[in-house]
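Below: the structure, in structure tokens.
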Amino acid sequence: MQTIPELLSSVTPANLIDIVIIAALIYLILAWFRGTRAYQILATLIGIGVFYFVASKAGLVLTSILFQYLWAAIIVVLVIVFQPEIRQLLDRASPFRYLSGLQTDGVDPGLIEQIVLAVAELARTRTGALIVLQRLDRLHNVILTEKVLDAFVSAESIVMVFQKTSPLHDGAILIRGDRIKAAGCILPLSRDEGLSSRYGTRHRAALGLTERSDALCVVVSEERGEVALVEGKEISTFRKKGNFRQALDNGLSLGMPQPATAPRSIATLVGANWRLKALSVAVAALLWFVVVGPQKSEVGMSVPIQYTNLPQAMEITGKWMDRIDVRVRGSESGLANLKPGSVRAVVDLGHVVPGLNYFRISAKNLLVPPGIAIAQIRPSDLHLYIETALIRKMPVIPSIAGALPERNKIVVAPAEVAVRAVQGDLKKMTSVTTEPISIAELVAKRKISIPVVIKPENLRVDSVDPAQVTIILEAEK
């Protein structure tokens, strides 16, 4: 068992980059799902994973097997249950969404002014309202139901929609660009148990949408006539029209979730949400040590040699090695998961010449799974004797057992076969023969297909085309 200083000393700069990348991915996922129902389920899954790891290390075979099969079912369930969240996450991560035309170089001041005027009138008359302003994220997978309404944005149209006599006053309106795209929209409710009781259903619906997307929501309270701007997981209230106009302009400009401010310092960036970042780094480091770990364990194994790219006119003669012994280094889990054939040596014969060829086998010649390194190769040198191969056509002389009947002759089809073998041995041959044929059988059948026989026996033949010929007994004319 290695000590903690030994483990830390084995970490390379490349390993640190690996851990930082995984930590960033974990942080983005946790930050995305935090405050939603998926967050608690993710915590439960992490607990199950820790329990499975402890059970496997403790030698609890039955428990480990059951949880191993359980993971396969959990993955399927996660894809089904969190299909909207996964789709939204992938959509937000896609670079194509920045080319979708939803973002602009600025926001039309007239559009903001119309929204501000409408909100001011609704607050004055204490008319409840919920306005959704779409930015980069698509919302058709988040909004539960809606009634399509394609109208130009104006203060009058917004106020008219939320009048109690209007059939569309229930729910929210969706504004995309300078158009009211839908009304009567039903939004998912936030499940944040820490939300103050002073906020009603409209605020909880606005939070439910902004927790799942980058949309901006404006809420007008029916009880207090209060105006609130909901972004992310934050609710900001405004009493002055100018402050609300500025916040709305900052929120909509360039589709960015935060108002344009001076660049923040590195200390501010690191300190923001530091608990979640520290948890992400800890989980990533634990995963690295468990899955990859310091490359200290070694095992020896015999691996096959794969010869590739041998020119068609060349042949390997004599004896050659088909396996070598290597020692591989990796984590215990990585070495335990090695399968036969997952490590093999590849020797490129594309540049061989006739005669004796020498090769040096190094780590670059071996194919290994990720996380596995080559510690030793034995032998590291090999030699192959290469000769030029030649294809020659040779006549077939059948081997006949018995006397040929009078006025009959034997015809071989085809009369020649192509033999491919090493040039030096092939020069010794002038013809090929067949397996013995009984003349009585030939008389009875008149036609027999028989394999070709190559002699001498010490000749290494690569191919014979065709491998068998037809012997035909014909009457002489």
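Values in this text are rule-based calculations from the coordinates and carry no lab data. Worth saying up front: this structure is predicted, and the values here are computed from it rather than measured. Positions of Cβ are backbone-derived with ideal geometry, glycine not excepted, and every protein chain shown enters the neighbour counts.
Worth pointing out:
- Average 1/r across all pairs of distinct alpha carbons in region 297-387, invert it, and you get the Kirkwood radius: 14.0 Å.
- Relative exposure of SER302, SER380, judged by other C-beta atoms within 10 Å (fewest first): SER302, SER380
- Relative contact order of region 109-255, pairs being alpha-carbon contacts under 8 Å that are 6 or more residues apart, as %: 29
- Theoretical FRET efficiency, 1/(1+(r/R0)^6), r = Cβ-Cβ of GLN468 and ALA403, R0 30 Å, to 0.05: 0.75
- Only lysines eight or more places from LYS364 in sequence, or on another chain, were considered; none has a Cα closer than 18 Å.
- Under the Karplus curve 6.51 cos²θ - 1.76 cosθ + 1.60, θ = phi - 60°, whole-Hz ³J(HN,Hα) for region 200-209, x wherever Gly or Pro sits: x, 5, 4, 5, 5, 5, 4, 5, x, 7
- Annotation: amide H-H contacts under 5 Å for VAL469 (H modelled 1.01 Å from N, sequence separation of 5 or more, or interchain): ILE450, VAL452.
- Estimated dipole of region 398-475 in Debye, rounded to 20 [Cβ of Lys and Arg +1, of Asp and Glu -1, Cα centre]: 100
- Proximity of backbone amide H atoms, modeled 1.01 Å from N, is registered between LEU310 and LEU349 at under 5 Å, excluding neighbours fewer than 5 places apart on the same chain.
- Cβ-Cβ FRET estimate between THR145 and ILE21, R0 fixed at 35 Å, reported to 0.05: 0.30
- Taken over region 378-451, lysine pairs spaced eight or more positions apart, or on distinct chains, with alpha carbons under 20 Å apart number 4.
- Gyration tensor verdict on region 109-255 (Cα atoms; rounded if a/c is under 1.5, prolate if a/b is larger than b/c, oblate otherwise): rounded
- The residues PHE244, PHE53, when put in order of fewest to most other Cβ atoms within 10 Å, stand as PHE53, PHE244.
- Extension gain for THR388 to ASP348 (0.36 nm times residue separation, less C-alpha to C-alpha distance): 12.7 nm.
- Burial ranking of peptide ranges 357-367, 199-209 (average Cβ count within 10 Å, highest at the top): 199-209, 357-367
- Segments 395-403, 342-350 sorted - mean Cβ within 10 Å per residue, highest first: 342-350, 395-403
- Amide H contacts under 5 Å for SER213: none, restricted to partners 5 or more places along the chain or on a different chain, H placed in the peptide plane at 1.01 Å from N.
- Region 398-475: relative contact order as a whole-number percent, Cα under 8 Å and 6+ apart: 48
- Distance between the C-alpha centres of region 158-173 and region 178-250: 16 Å, rounded to the whole angstrom.
- Overall shape: prolate for region 398-475, with the ratio a/c of the largest to smallest alpha carbon gyration tensor axis at 1.5 or above and a/b above b/c.
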